[in-house]
1. Look through I73, I117 and report the one residue that is touching a helix residue (DSSP H, G or I) at 6+ places or on another chain (Cβ under 7 Å), under 30 Å from P200 (Cα atoms) and either among the polar types (S, T, N, Q) or assigned to a helix (DSSP H, G or I) (or both).
2. Report, by residue number, each residue of region 83-98 that is in a helix (DSSP H, G or I) and of a type outside the set (A, V, I, L, M, F, W, C).
3. Got a number for residues in region 222-234 being touching a Lys or Arg at 6+ places or on another chain (Cβ under 8 Å) and either open to solvent by less than 10 Å² (accessible area, probe 1.4 Å) or not small (G, A, S) (or both)?
4. Could you go through region 164-177 and let me know if any residue there is open to solvent by less than 40 Å² (accessible area, probe 1.4 Å), under 18 Å from F64 (Cβ atoms), in contact with an Asp or Glu (Cβ under 7 Å, 6 or more places away or on another chain) and not β-branched (V, I, T).
5. Do you know which residues across region 39-56 are more than 13 Å from the chain's Cα centre (by Cα) and in contact (Cβ under 8 Å) with a residue 60 or more places away in the chain?
6. Any chance you could count how many residues in region 91-140 are open to solvent by 20 Å² or more (accessible area, probe 1.4 Å), out of contact with any Leu (no Cβ under 7 Å at 6 or more places or on another chain) and more than 25 Å from V235 (Cβ to Cβ)?
Amino acid sequence: MFADIDGNTLHYTSVGDGPPVVLIHGLGGSAHVWHGVIGALQQHHHCVAVDLRGHGRSQGRGKFSIEGWAEDIKRLIAHLELPPVTLVGHSLGTLVAQEVAHSAPDLVDELVLVGGISYFEPATAEAYRQRADAVEADGMDVLVDAWLEGAVSPRSHATQPGMVGLLRDVFLRNEPQHYAKACRALADAERIPRDEIGQPTLIIAGSHDRSTPIAMAEELKRSIPVSRIKVISGVGHWMPLEDPDAVASAMLEFLT
């Protein structure tokens with residue numbers, strides 16, 4: 001399905017019945033990252049997964065920013081005439097979700113942060129700027145091997161080679177110019193006043209996540225007033241693909 005949002009055509013999927021859950025993927029991902037999670041959730045919830053501007057099948061006009069992506073999500077919720085939603089983000093999508101929850105609290109009942117980002121220190125932000133320069137110069141292939149090595153856990157590399165291969169394809173399908181803009185948006189993200197986020201929040205962390213480790217999840221918990229952490233064993237950063245059943249189970253337990 002497609003919606004015209006602020007001059008951009010955004011692609012989204014919409015399945016299931018019940019209280020609405022809106023799912024936001026991470027850097028370089030797409031709505032289909034949530035396919036396995038939605039398979040479990042749609043028995044109880046109306047699930048909407050969106051391709052962020054410049055990702056998947058959505059157009060990529062204009063500048064990218066956390067605030068801009070958050071505005072797209074707000075407008076999509078209004079376009080679909082949804083009541084207050086459970087907003088779920090993965091990785092970069094957790095910053096977008098936090099921004100929506102903070103700036104438009106009437107739209108969000110609960111918040112779920114999967115591989116949640118608190119804030120990147122200058123050295124990490126600079127690494128994303130360098131990544132942007134690299135893909136602009138040489139395309140996505142220059143990064144894919146090193147990126148994929150750290151994207152999932154050693155167990156997933158050993159036991160789910162098919163999933164790892166598809167994840168490689170997801171990464172390589174990104175338009176380099178769009179991916180570079182997204183990297184810079186992530187590097188330039190402002191601190192979100194998380195102490196003002198009032199929604200109950202579930203933070204899901206992977207035990208082998210090197211991108212957003214458990215220490216970052218603990219930082220999020222300290223700064224979001226009503227929050228708790230669920231650690232999923234044996235998975236890395238792309239846990240919605242590595243163990244979608246465990247991610248869905250944690251969410252359903254939280255929402256029950």
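The values are calculated or read from the model by the stated rules, or taken from the named source; none is laboratory data. Worth saying up front: this structure is predicted, and the values here are computed from it rather than measured. Here the Cβ positions follow ideal geometry from the backbone for every residue, glycine too, while neighbour counts run over all protein chains shown. Ligands, DNA and RNA are excluded from the accessible area calculation, which covers all protein heavy atoms including side chains. Shrake-Rupley method; radii C 1.70, N 1.55, O 1.52, S 1.80 Å.
1. Checking each option against the conditions leaves just I73.
2. G93, T94, Q98
3. Number of matching residues: 4.
4. Yes: one or more hits.
5. G39, A40, L41, H44, H45, G54 - these are the residues of region 39-56 that are more than 13 Å from the chain's Cα centre (by Cα) and in contact (Cβ under 8 Å) with a residue 60 or more places away in the chain.
6. Qualifying residue count, region 91-140: 16.
Results for (1) part of a helix (DSSP H, G or I); (2) modelled with pLDDT of 95 or more; (3) of a type in the set (A, V, I, L, M); (4) in contact with a helix residue (DSSP H, G or I) (Cβ under 6 Å, 6 or more places away or on another chain), shown as yes or no for each residue.
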residue	(1), (2), (3), (4)
D4	no, no, no, no
G36	yes, yes, no, yes
Q43	no, no, no, no
L52	no, yes, yes, yes
G68	yes, yes, no, no
E81	no, yes, no, no
V100	yes, yes, yes, yes
